[in-house]
Each structure stands twice: as structure tokens, then as C-alpha cells.
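In what follows, a single structure is set out as C-alpha cells and then discussed.
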Amino acid sequence: MATVAVLPGDGIGPEITRVASSLLRQLRPDVETVEAPVGGAAMALGKPALPPETRALCARAEAILFGSVGLPQYDGKPLAERPEYALLLLRGDYELYANVRPVRVFPGLEDASSLKPELVRGLDLVVVRELTGGIYFGKPKEQRQIDGEDGAVDTMVYKASEIDRIARVAFELARGRRKRVTSVDKQNILETSRLWRRVVERVAAEYPDVALDHLLVDNAAMQLVRRPGEFDVMLTENMFGDILSDEAAILTGSIGTLPSASLGTRKTAGGAFGLFEPISGSAPDIAGKGIANPTAAILSAAMLLRLSLGDDANAARLERAVEAAYAGGARTTELGGTLGTDAFAEIVRRKL
Ligand code: NAD
Ligand code: IPM
Ligand code: MN
């Protein structure tokens, strides 16, 4: 029997993860779902952000369905004392280097976008973000005295092998899509970016059927709101990908609709071990109100079914049910509608 570790976490995490895990159980009663504490929710129990029992559960699971971590009460604390640390530990422990963030606009939601509807109609791009390197993980990473005053340092570091493997993920994905990769870097300033570009070009030579272009990250941020429809696969390093994927997300009308998969090298019977989560955070401003959009969590469960359990049929069913809900006019409040989390979930359930 396949096991899915369900880690709801903080803020809206539990509200939207509950919806996704219950749909998962409905579609696949044979899959064991086991919940465990993570982030601020674990810390409130006097445990570390990633407790040993949660780690042990993940170690025996085929996949992790993750909510979100982070609470305002930890603002200003160092990384190792924050709920977010749990996520970095999981990404690091399982070398989940490939973060795939599909960005699609549901038909009918064009008017909810912050851009003109004609710019986002039919939008379908995917951000491939390197997730276990760069400035998030580089050492030294500390606050210390510099020239006799308070200072701090983060280190951006990449090895060619780390760039090579994430580039391959992007080119393989592009092959099954519109065959275009846009690699984003800051090669005019950063050494890591000059290495990035060189390695990406080397990998590209093995994919002559895929068109490659490069953009500097500042320009990429601008082109994303100027001509989003021209992007197919956007390939980038850890921090640039974090920023650009939130920007891409809002083109769809709500960050609450976007799922993600974080994959590494560990295999499962049905595919690859992975962590699946909304790209958004714990949304403290709306937590506890029952109004969070559960779409991102539901679509994360769909990605989990497809990529870790090898269950295309149920993944597609879930995705079609969400599409049908939007096509039928279902709208949560941030999209200008009146539906709360559970009411929206109920519509999806009926469409299954
Ligand atoms: P956020 O993504 O939590 O929220 C940004 C905005 O989007 C807020 O206005 C929020 O209400 C809205 N939003 C997010 N999800 C929504 C949904 N499902 N439905 C409707 N509206 C939604 O970003 P933030 O406020 O910058 O971060 C809050 C906390 O979350 C921080 O502690 C941060 O570190 C953490 N965070 C965690 C993750 C994660 O666990 N993967 C990701 C991003 C941020
Ligand atoms: C994300 C989040 C995380 C990140 C934080 C919470 C560590 O913003 O998954 O996009 O920056 O990677
Ligand atoms: Mn982010």
C-alpha cells in the first residue's frame, strides 16, 4: 500500500490541505494518508519545526502533501528557529532539486488577472526552479561583525552538476510542450550566472529540437507582465525562481490556484518521490476565516497522483473537476466570488 505523508503546517495550510487529502482519499481509498506536524504547528507542541517522527514518516512515504509553514510571530528570528526551516530541511534531506510550477489561466478567470484579459487568455507556462542550491543553501550564511559593525552574509554558490541536472528537467519538459526554454540569469553581474549560462548551453546542444533563449532576470520580470504568452518553460536558479513564480502566479488571477512539485532522485513504484505544495504561503491575513482558495492544494494532490503514484487517470479526473468548477462559475472571494474553502471544495467534489 502506498503511503502519503500529509503535513498541513501553519495558517491556511491545514484549511486547504484537509480538502486536498480528503479528495485524494476519495479517489484512492487504497492509499494510506498519515498526518504529522510541521513548522509552527510542531513548534507550538514544543517540538522542532521538522520533528523526528515527521521525518520518519516522510522516509517511509511515497510522497509528501505539504500545506505551508511560517507565522508572523517568528519574524526576525534566524532561519534555524523559524517554521520555514522545516521546508528547507525536507528539500535538502531528499535533494528535491527540481521545483516544477505550472502556471495556467482557467478559462473564465481572465478578468481576475491583474493584466488585460487578452494578455493572459490561454496562458500556459511552467517555471522550473532549482531548489537545493544557490543563495538558499550556500555557506557561509550568518550574521557577524563586519568592519566593526553589524553585518550579514549569504552565499550564492552553484556547481556545474547542479545546473546540468535542473537544465535537463527543463529541456525534457519542453519536449512534451511547445519546445521552448527561456533560461533566466544575471550573467552581467554574477559569476554563478555565467556558469549557469555556459552549462545550460552545453545541455541545450543535446536538445536540438528545443529552442533556447536567455533573459537577464530583471528583463525577465518585465517580459513576464508584458508578453507572458510567449513563455513556455522558464528555467532559473533558486531565488530568481522563487520571485518570478509568485509574479507568474498572479497573472492567473490568484496565487491560490497554483500547485508545485519538488522532485529529486529517489524513485517510487509509480514514479519519483516528491513534495507537493501550493506555491503560496500560510497567508496569515486570511488564515482561520475559511476563505482560502483550496485549488492549489487540490492541484498539488493531482500532481502527486501523477508523478509519485503513477496514476494519470485520477490526476486528470481531479484536474478536470477543478476546471469544470471554474467553467461553471465557481469563485472564491479573492477571485471576486462568494465561495469559502469548503463550498468551493464541495463543488469540485460534485464534479468528480
Ligand atoms: P503568502 O503566499 O502566504 O500570501 C500572499 C498573499 O496571497 C496574501 O494576501 C494571501 O492572503 C494571498 N493568498 C495566498 N494563498 C491564498 C489562497 N489559497 N487563497 C486566497 N488568497 C491567498 O505570502 P506571505 O504573506 O508573504 O507569507 C506568509 C508566510 O508564509 C511567511 O511566513 C512565509 O515565509 C511563508 N511562506 C511559506 C511557503 C511554504 O510553506 N511553501 C511559501 C511562501 C511563503
Ligand atoms: C516557496 C517559499 C519558500 C521559498 C520559503 C517559505 C522557504 O517562498 O516555496 O516559494 O522561498 O522557497
Ligand atoms: Mn515563494
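If you find the alpha carbon centre of the range 294-320 and of the range 182-258, how far apart are they in angstrom?
25 Å
Could you pull out every residue, at least 5 positions away or on a different chain, whose amide H is within less than 5 Å of the one on Gly253? Hs are placed 1.01 Å off N in the peptide plane, and Pro or chain starts have none.
Excluding prolines and chain starts, which carry no amide H, the hits are Ser114.
Compute the signed sum of charges (Lys and Arg +1, Asp and Glu -1) over the other residues within less than 11 Å, Cβ to Cβ, of Arg177.
Numbers: positive: Arg175, Arg178, Lys179, Arg180; negative: Asp124, Glu172, Asp232.
Around Arg177, the surrounding residues sum to +1.
With the cut-off at 27 Å, tell me which of the pairs Lys47/Lys267; Lys159/Lys186; Lys47/Lys141; Lys47/Lys77; Lys289/Lys351 have Cα atoms farther apart than that.
Working: Lys47/Lys267 30 Å; Lys159/Lys186 16 Å; Lys47/Lys141 24 Å; Lys47/Lys77 16 Å; Lys289/Lys351 25 Å.
Exceeds cut-off: Lys47/Lys267.
The range 124-250: percent of C-alpha pairs farther apart than 19 Å? List each step's numbers first, then the result.
Values: 3882 of 8001 pairs.
Here the tail beyond 19 Å accounts for 49 percent of pairs.
Sum up the charges of everything whose Cβ sits under 10 Å from the Cβ of Gly108, counting Lys and Arg as +1 and Asp and Glu as -1, but leave Gly108 out. All intermediate terms of the calculation are to be shown ahead of the outcome.
Working: positive: Arg331; negative: Glu110, Asp111, Glu323.
Its environment carries a net charge of -2.
Using 0.36 nm per residue of separation minus the Cα-Cα distance, give me the extension gain between Glu191 and Lys116 in nm, one decimal.
Values: separation 75, 0.36 × 75 = 27.00 nm, distance 3.71 nm.
Difference between extended and current length: 23.3 nm.
Nothing charged except the Cβ atoms of Lys and Arg (+1) and of Asp and Glu (-1): what's the magnitude of the dipole of the chain about its Cα centre? Round to the nearest 20 debye.
On the way: 42 positive and 47 negative charges, 182 e Å.
Computed about the Cα centre, the dipole is about 880 debye.
Evaluate the charge dipole of the range 124-250 about its Cα centre and quote only its size in Debye, nearest 20, assuming +1 on the Cβ of each Lys and Arg and -1 on the Cβ of each Asp and Glu. Before the final figure, lay out the partial values.
Values: 19 positive and 23 negative charges, 112 e Å.
Using only the charged Cβ atoms, the result is roughly 540 debye.
Got a sec? Charge dipole of the range 124-250, +1 on Cβ for Lys and Arg, -1 for Asp and Glu; which of Thr155, Ala170, Ala211 is way out at the positive end?
So the residue furthest toward the plus end is Ala211.
Report D for the chain in µm² per second (integer): Stokes-Einstein, Kirkwood Rh on Cα pairs, 37 °C, 0.692 mPa s.
Details: Rh = 20.7 Å.
The calculation lands on 159 µm²/s.
Kirkwood Rh, the range 279-348, all Cα pairs: how many Å? Display every interim value, and only then the final one.
On the way: mean 1/r = 0.0783 Å⁻¹.
The Cα-based Kirkwood calculation yields 12.8 Å.
Only Cα pairs within less than 10 Å get springs; with that Gaussian network setup on the chain, which residue of Ala220, Ala160, Ala86 has the largest fluctuation?
So, out of Ala220, Ala160, Ala86, the one fluctuating most is Ala160.
With unit charges on the beta carbons (Lys and Arg positive, Asp and Glu negative) and the dipole taken about the Cα centre of the chain, which residue among Pro102, Leu190, Thr3 sits farthest to the positive side?
Ranked along the dipole, the leading option is Thr3.
Can you give me the span-like helices of the chain, meaning DSSP H runs with 15 Å or more of Cα extent along the axis and Kyte-Doolittle mean at or above 1.6?
On the way: long enough: 13-27 (21 Å, 0.11); 160-175 (22 Å, 0.14); 191-204 (20 Å, -0.66); 238-250 (19 Å, 0.45); 295-307 (18 Å, 1.75); 312-327 (22 Å, -0.23); 341-351 (16 Å, -0.50).
Passing helices, by number: 295-307.
What does DSSP give for the chain in terms of the percent of beta bridges that are antiparallel, rounded to the nearest 5? Numbers along the way, then the final one.
Working: 23 of 50 bridges.
Counting only bridges with both partners in the chain, antiparallel ones make up about 45 percent.
No lab work stands behind these numbers, since they all come straight from the coordinates. Small disclaimer: the values here were computed from a predicted structure and weren't measured. So basically every Cβ, Gly included, is an ideal-geometry build from the backbone, and we count neighbours across all protein chains shown.
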